[in-house]
Amino acid sequence: MPIHNGNISALKFFTAQNASTYDWLVYTATFGQDDEWKKQIVRSVKGSQMILDLGCGTGILSTTLRNANSLAEVVGLDLKFEYLKVASTKRGDIPLLNATVEELPFIDEVFDSVVTSYVPKYTQVERMIEECLRVLKNNGTLVIHDFTYPNNKLMQMTWKSYFALLKIISNIVRSWKDVFMELDHVIEESRWLNDCMSVLDSKDMKSIKCTHHTLGTAAIIVAHKK
Ligand SMILES: C[S@@+](CC[C@H](N)C(=O)[O-])C[C@H]1O[C@@H](n2cnc3c(N)ncnc32)[C@H](O)[C@@H]1O
């Protein structure tokens, strides 16, 4: 399978040196919006029994899903072992797998829902969606969330100023330097939203809905398989 720029960024960004501070960083750097976006994801998969969290990282979403529904089986999967190690310290009842979203190690049609947060910009979207649809049961729900570059000109200026500030801070918070220096380019150049929508449009889905959040800085797609 060919490797693309997003895969390279993910390998560079998420390291043994920053895994332990990831939860703090994502909450602080999004001004708490991460909680709100994740609540929306959890609401979208209400009632699901078998849920797969792709690119689960340190397990923030996996544990939120499990805490919201004690009867649900949640499985987390991530490329980076160091991040899974942090996830494993949170709840012992969430199986965690070291694998890539482009090649899921599951048989067909086992999950009621597949969710993913901040991951698509790092992946080969078409391959990821095909794998998600393969492992989803009929009527299953796919939820895809990530950052977006805002359309509004004033918001673009604010967004760029914020990343300029992060670049200055990166001289102090060394373990996050690569992320603070490069994440703005990754987000600005990523076509994840258009790519996901066009791949999903090309499949025979029951429904596809995209919502924009926090002044256009994030988007969530909720799609249902037929
Ligand atoms: C920004 S973190 C998000 C973690 C978690 N989803 C959250 O919401 O906090 C991105 C995660 O995606 C993982 N990742 C990136 N590309 C991946 C791929 N192709 N397959 C599996 N995991 C991937 C990274 O290792 C990292 O842990």
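The values are calculated or read from the model by the stated rules, or taken from the named source; none is laboratory data. Keep in mind it's a predicted model, so treat the numbers as computed, not measured. A quick note on method: Cβ atoms are made from the backbone with ideal geometry, for glycine too, and the neighbour counts reach across all protein chains shown.
So which residues in segment 18-37 are in contact (Cβ under 8 Å) with a residue 12 or more places away in the chain, surrounded by fewer than 17 Cβ atoms within 10 Å (Cβ to Cβ) and hydroxyl-bearing (S, T, Y)?
Within segment 18-37, S20, T21 qualify.
Would segment 3-11 turn up any residue that is more than 11 Å from the ligand (Cβ to nearest atom), over 18 Å from S117 (Cβ atoms) and in contact with a helix residue (DSSP H, G or I) (Cβ under 6 Å, 6 or more places away or on another chain)? Walk me through it before giving the result.
Keep residues of segment 3-11 that are more than 11 Å from the ligand (Cβ to nearest atom), which gives 5.
Subset that is over 18 Å from S117 (Cβ atoms): 5.
From what's left, in contact with a helix residue (DSSP H, G or I) (Cβ under 6 Å, 6 or more places away or on another chain): none.
Within segment 3-11, none of the residues are more than 11 Å from the ligand (Cβ to nearest atom), over 18 Å from S117 (Cβ atoms) and in contact with a helix residue (DSSP H, G or I) (Cβ under 6 Å, 6 or more places away or on another chain).
Report every pair of residues separated by at least 6 positions or lying on different chains whose Cβ atoms are under 7 Å apart, first residue within segment 79-104 and modelled with pLDDT of 95 or more and hydroxyl-bearing (S, T, Y), second near the ligand (Cβ under 7 Å from one of its atoms) and not in a helix (DSSP H, G or I).
Y83/F14; Y83/G57; Y83/T58; T100/L79
Please count how many residues of segment 100-156 are assigned to a strand (DSSP E or B) and surrounded by fewer than 20 Cβ atoms within 10 Å (Cβ to Cβ). Quick ask: steps written out before the conclusion?
Restricting attention to segment 100-156, the residues satisfying the condition of being assigned to a strand (DSSP E or B) are 111-117, 136-147.
Going one step further and asking which of them are surrounded by fewer than 20 Cβ atoms within 10 Å (Cβ to Cβ), we end up with 112, 137-139.
The total comes to 4.
On the given criteria, is K12 out of contact with any Lys or Arg (no Cβ under 6 Å at 6 or more places or on another chain), more than 16 Å from L97 (Cα to Cα) and either buried (at least 16 other Cβ atoms within 10 Å of the Cβ) or at pLDDT 95 or above (or both)? Full working, then the answer.
On the way: out of contact with any Lys or Arg (no Cβ under 6 Å at 6 or more places or on another chain): yes; more than 16 Å from L97 (Cα to Cα): yes; either buried (at least 16 other Cβ atoms within 10 Å of the Cβ) or at pLDDT 95 or above (or both): no.
So K12 does not fit the description; no.
Among the residues of segment 38-75 satisfying the criterion of being in contact (Cβ under 8 Å) with a residue 24 or more places away in the chain and among the hydroxyl-bearing types (S, T, Y), which is nearest to the ligand (Cβ to nearest atom)?
Of everything passing the filter in segment 38-75, T58 is nearest to the ligand (Cβ to nearest atom).
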